[in-house]
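All remarks here apply to the structure that follows.
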Amino acid sequence: MDMLGGLSPSEFLRDYWQKKPLVIRQAFPGFQCPVDAEELAGLACEEGVESRIIIENDNGKPWQLHNGPFPEDRFSKLPAQDWTLLVQGLDHWVPEVADLLEHFRFVPNWRLDDIMASYAPKGGSVGPHYDQYDVFLLQGQGNRRWTFGGRCDATSPRVDGTPLRILSSWEGEETVTLEPGDMLYLPPGIGHHGIAENDCITLSVGFRAPTIDDLLTGFTDFLCNQPGADEHMNDPDLQVQENPGTIAPTVIDRLQAILTEKLEDKRQLALWFGQYATAPKNMDVVVPADEPATDHDLAEAMRAGEQLRWNEGSRFAYHEINDETALFVDGEQFLLRGEARPFAPLICAGARIDKDALKQFAEDSALLGLLTNLYNQGSVYFE
């Protein structure tokens, strides 16, 4: 499949990723949307599914936001047009949607956020806006007209009277109409506005990046829970000062040394980040197996050739640390050594784990136990 319009993944990352938009005609030729409007409405009524309705003119108020879950009769009370239903994390609930992510594995697993579905009747949109993340907008059903272009930021003028960040004085640089199978890539900060020309569904494959605040607070919170964090700063070389109110330069030097030592520990940084980056976005999806399995059960299933795959809401990643490989699954870490190390790249390569390659690890009791643990906690299952 020529998903990137003739570009190799390396060429796309070099020339477009976080740099400029790209329209890809028939990225998915003959694409059939895995869900329809009724299914999306049904999901929006479920507890645990993040959903929103945005109405462009709600009793005279511009771009009003309503959060789900919704009662079943909510959709019969909506206007005929000019509104949008958003269902977040659709890949967590629909395996066929999750399968689309395999086409985007040229971007690291930890960067993936989720796939959001946007259903709208004619005229429906969420207003002109910009996002802080990379996104591929795949047209699943119907037609949507996109206007996009121009860098936006926190200083860009916005519409008053709405809880949404709608751009008020924005004009795009290019307009295209997407049909099913067409796709538009947008980097962070690019203004865009999509309007449904008829009943349509757009699937948004979003990629996340942590904020500096996330990194600082997350890592320091992690360090605060490590052994030795409750030790007190000492000063055995304290000397009499001319003025007791002075914070001496040596104190600041000592503080800096302590913090630098902790922050420069790359092993701790890697272990924290792996756990942080794979923490499930939706804990309602990663749930324990109905019937816990034994190591023997897993071994027999693998020998029989059954296909093991990730839970749709699970996240997998790994990192090489000297003579260890740290495997991260759903916010947990597992340190692998010796002949067990190849297990991590195997299980992280894609949602459907290579059956033949996996069989060899069934002979290792420790790895078989790890797989059983992942199965029982709901991170993997047999199709």
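The values are calculated or read from the model by the stated rules, or taken from the named source; none is laboratory data. This one's a predicted model, so the numbers in the text were calculated from it and none came from an experiment. Every residue, glycine among them, receives a Cβ derived from its backbone with ideal geometry; neighbour counts consider all protein chains shown. Side chains included, ligands, DNA and RNA excluded: accessible areas come from the protein's heavy atoms. Shrake-Rupley method; radii C 1.70, N 1.55, O 1.52, S 1.80 Å.
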Low-density loop positions, GluC sites (Glu not before Pro), the range 1-69 - DSSP coil, at most 13 other Cβ in 10 Å: E47
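Rounded to the nearest 0.05, what FRET efficiency do S8 and R111 have when you use their Cβ-Cβ distance and R0 = 25 Å? List each step's numbers first, then the result.
Working: r = 19 Å, r/R0 = 0.74.
Efficiency at R0 = 25 Å is approximately 0.85.
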Semi-axis lengths (Å, descending) of the ellipsoid that matches the C-alpha gyration tensor of the range 300-383: 19, 15, 11
Cα convex hull of the range 225-383, projected area averaged across orientations, nm²: 13.0 nm²
Rg to Rh quotient for the range 96-201, alpha carbon positions, Kirkwood Rh: 0.97
Euclidean distance between Cα centres, the range 259-280 to the range 285-319, Å: 27 Å
Rounded accessible area of M116 (nearest 10 Å², 1.4 Å probe): 30 Å²
Loop GluC sites (Glu not before Pro), the range 275-328, which have at most 16 other Cβ atoms in a 10 Å radius of their Cβ (DSSP): E306
Radius of gyration and Dmax over the Cα atoms of the range 72-155, both given in Å: 15.2, 43
For the range 229-272, average projected area of the Cα convex hull in nm²: 4.1 nm²
Long-range amide H partners of Q377 with built H, under 5 Å: A289
The range 99-133 versus the range 47-71: alpha-carbon centroid distance in Å: 19 Å
For the chain: rounded, prolate or oblate by the Cα gyration tensor [a/c cutoff 1.5]: oblate
Alpha-carbon Rg/Rh ratio, for the range 142-298, with Rh computed the Kirkwood way: 1.18
Extent along principal axes [Cα atoms of the range 1-93; Å; largest to smallest]: 47, 30, 24
Separation of the D253 and T294 label points, Cα + 7 Å toward Cβ, nm: 6.5 nm
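Filter the GluC sites (Glu not before Pro) in the range 111-183 to those in DSSP coil with at most 14 other Cβ atoms within 10 Å of their Cβ, and list the result.
E171, E173
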Listed residue (T147, W310, Y16) projecting farthest to the positive dipole end of the chain, Cβ model: T147
Given charges at beta-carbon only (K, R positive; D, E negative), |dipole| of the range 333-383 in Debye: 120 debye
Global size of the range 169-212 as Cα Rg and Dmax, reported in angstrom: 12.9, 40
The chain: relative contact order as a whole-number percent, Cα under 8 Å and 6+ apart: 16 percent
Cα-centred dipole magnitude for the chain, charges only on beta-carbon of K, R (+1) and D, E (-1), debye, nearest 20: 1060 debye
Tail beyond 17 Å, pair distance distribution of the range 205-300 (Cα, percent): 71 percent
Carbon plus sulfur fraction of accessible area for the range 247-374, probe 1.4 Å, in percent: 53 percent
Cα pair count fraction exceeding 19 Å, expressed as % - the range 159-244: 70 percent
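Length gain on complete extension for the stretch D36 to Y381, per 0.36 nm per residue less the alpha carbon to alpha carbon distance?
121.6 nm
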